[in-house]
Amino acid sequence: MSERKPKDIFDLDPSSLSALDLSSLSTLLESTDPPKPHVTYLETVRETASVSREHQPTDAGTGQPQALRLAITLTATDTPRRDEDPFAGLDAAGLSQEQADAVRQGFLAGLTPCLLPDSSPGLVQVTVDQGEVTAGTPTVEVFREAARLTAEDLTAKATWQLMEPVFKIEITVPAMHKSAVYPLITSKGGQITEETFKGSSMVQLDGTVPVRISFGLTTELRKATGGTAFPQMTFSHWEVVSDKVLEQLRSEGEAQEPTA
């Protein structure tokens with residue numbers, strides 16, 4: 001069996017490299033452009049939006065009309081829906097568990113603002129203000145379809161905005177090099193908000209940077225400060241993406257799409 005060859009330099013096992021290989025690995029890494037890491041963007045509404053819709057299909061088995069009225073409100077939230085159930089009011093609306101599940105499924109299928117190809121409406125609170133049967137005995141599928149159509153109405157009615165994740169950044173650097181940090185962070189769309197001296201020669205700079213520009217930032221900071229800056233980044237909050245940045249992200253997405 002032949003020895004497996006690494007696909008690229010990111011597949012190399014450092015323990016198998018010679019001293020000469022190790023001395024040149026840093027140069028190889030700097031000269032290679034790795035794939036750009038994925039950043040999650042979520043969508044929310046600028047203002048509260050509400051829709052009331054009556055769905056009136058006909059029972060295919062009996063020929064009798066069925067009618068269901070749903071009233072749903074969308075509001076902005078700072079908690080991603082993957083961390084918390086975004087639906088409120090389902091119990092108060094008097095729906096059974098099966099009907100409530102159908103409303104959830106249908107609504108999430110129909111809520112598709114798509115400001116970016118891979119973004120999703122993850123920062124919204126969904127309040128079911130009304131779930132009333134007005135004719136017949138609607139099936140679970142009727143509840144699901146009514147919720148999907150209501151969500152489509154809300155997708156069109158609401159004014160959407162894109163939200164991006166933001167890191168809190170703490171940079172420890174010698175005071176003599178701190179002046180190089182401010183313009184670099186600002187040029188990346190971040191900001192330094194606090195400066196604290198640590199002893200007689202070191203300073204800690206606290207601020208925020210968008211996650212999308214954080215990749216490679218450590219290397220840039222160290223280059224700008226003669227290798228003396230030590231940054232630490234942790235998630236801070238979600239922030240509205242400006243129209244200018246949104247257009248930039250759309251342009252980058254179009255540039256990365258495969259051509260026929």
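Only one of the numbered conditions (1) open to solvent by less than 70 Å² (accessible area, probe 1.4 Å); (2) in contact with a strand residue (DSSP E or B) (Cβ under 6 Å, 6 or more places away or on another chain) is violated by Gln191, and that is (1). Among the residues of region 216-251, those that are within 16 Å of the chain's Cα centre (by Cα), open to solvent by 40 Å² or more (accessible area, probe 1.4 Å) and β-branched (Val, Ile, Thr) comprise Thr234, Val240. Only a single item in (1) closer than 27 Å to Gly216 by Cβ; (2) hydroxyl-bearing (Ser, Thr, Tyr); (3) open to solvent by 50 Å² or more (accessible area, probe 1.4 Å); (4) at pLDDT 85 or above is not met by Thr48, and it is number (1). The residue of region 139-153 that is surrounded by the fewest Cβ atoms within 10 Å (Cβ to Cβ), among those that are of a type outside the set (A, V, I, L, M, F, W, C) and in contact with a helix residue (DSSP H, G or I) (Cβ under 8 Å, 6 or more places away or on another chain), is Glu141.
Out of everything in region 154-172 that is out of contact with any helix residue (DSSP H, G or I) (no Cβ under 9 Å at 6 or more places or on another chain), of a type outside the set (A, V, I, L, M, F, W, C) and farther than 19 Å from Glu195 by Cα, what residue ends up being least open to solvent (accessible area, probe 1.4 Å)? Per the criteria, the residue is Thr159.
Only a single criterion out of (1) open to solvent by 10 Å² or more (accessible area, probe 1.4 Å); (2) within 30 Å of Phe235 (Cβ to Cβ); (3) of a type outside the set (A, V, I, L, M, F, W, C); (4) modelled with pLDDT under 90 is not satisfied by Gln97, namely (2). Counting residues in region 183-192 that are modelled with pLDDT of 90 or more and assigned to a strand (DSSP E or B) gives one or more. Scanning region 110-132 for residues that are open to solvent by less than 70 Å² (accessible area, probe 1.4 Å) and either more than 23 Å from Ala156 (Cα to Cα) or outside any loop (DSSP other than H, G, I, E, B) (or both) yields Gly110, Ser120, Val124, Gln125, Val126, Thr127, Val128, Gln130, Gly131.
The set of residues from region 215-251 being within 14 Å of Ile185 (Cβ to Cβ), in contact with a strand residue (DSSP E or B) (Cβ under 6 Å, 6 or more places away or on another chain) and either of a type in the set (A, V, I, L, M) or in a helix (DSSP H, G or I) (or both) comprises Thr218, Leu221, Ala229, Met233.
Summed over region 137-182, residues that are within 30 Å of Gln66 (Cβ to Cβ), out of contact with any strand residue (DSSP E or B) (no Cβ under 6 Å at 6 or more places or on another chain) and not in a helix (DSSP H, G or I) total 2. Only residues that are open to solvent by 30 Å² or more (accessible area, probe 1.4 Å) and of a type in the set (A, V, I, L, M, F, W, C) were counted across region 195-212, and they come to 2.
The values are calculated or read from the model by the stated rules, or taken from the named source; none is laboratory data. No experiment lies behind these values; they were computed from the predicted model shown. Counting neighbours? That spans all protein chains shown, and the Cβs are built from the backbone with ideal geometry, glycine included. The area values use the complete protein model at the heavy-atom level, side chains included, leaving out ligands, DNA and RNA. Shrake-Rupley method; radii C 1.70, N 1.55, O 1.52, S 1.80 Å.
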